[in-house]
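Accompanying notes for the structure given below.
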Amino acid sequence: MSQLAAALGAAITTTGIGAVIIARSWPIPTGRHRSTREATDAALLRPVEALDQIEAYCPAEDRDTLQLNLRLGGVRCTECRNDPTEAAQ
């Protein structure tokens, strides 16, 4: 019976050591959450709001400046970042 116990103990120990080796070599998260694929030309484009640009008078700058028409209806000056309609008041 002691030979059976010794063989069983050796088998359990070998299985445990093998499980630890496999667990340590298992891929772990590296903390990098970004995709590894390269950026295409479409991914490098500016936001849609920045594509709708106009040249208009900015009261805060007291001159014509490049302004962005926002999607929700507002306007932003690219120089001072103010809303020209609010700056006029």
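Test of understanding: what is the full-extension gain from Ile22 to Thr85, defined as 0.36 nm times their sequence separation minus their Cα-Cα distance?
16.2 nm is the gain from fully extending Ile22 to Thr85.
Under a crude label model (7 Å from the Cα following the beta-carbon direction), how far is Ala56 from Leu8 in nanometres?
Roughly 8.5 nm, to one decimal.
No lab work stands behind these numbers, since they all come straight from the coordinates. Note that this is a predicted model, so its numbers are computed, not measured. Virtual Cβ from ideal backbone geometry, glycine too; neighbours counted across all protein chains shown.
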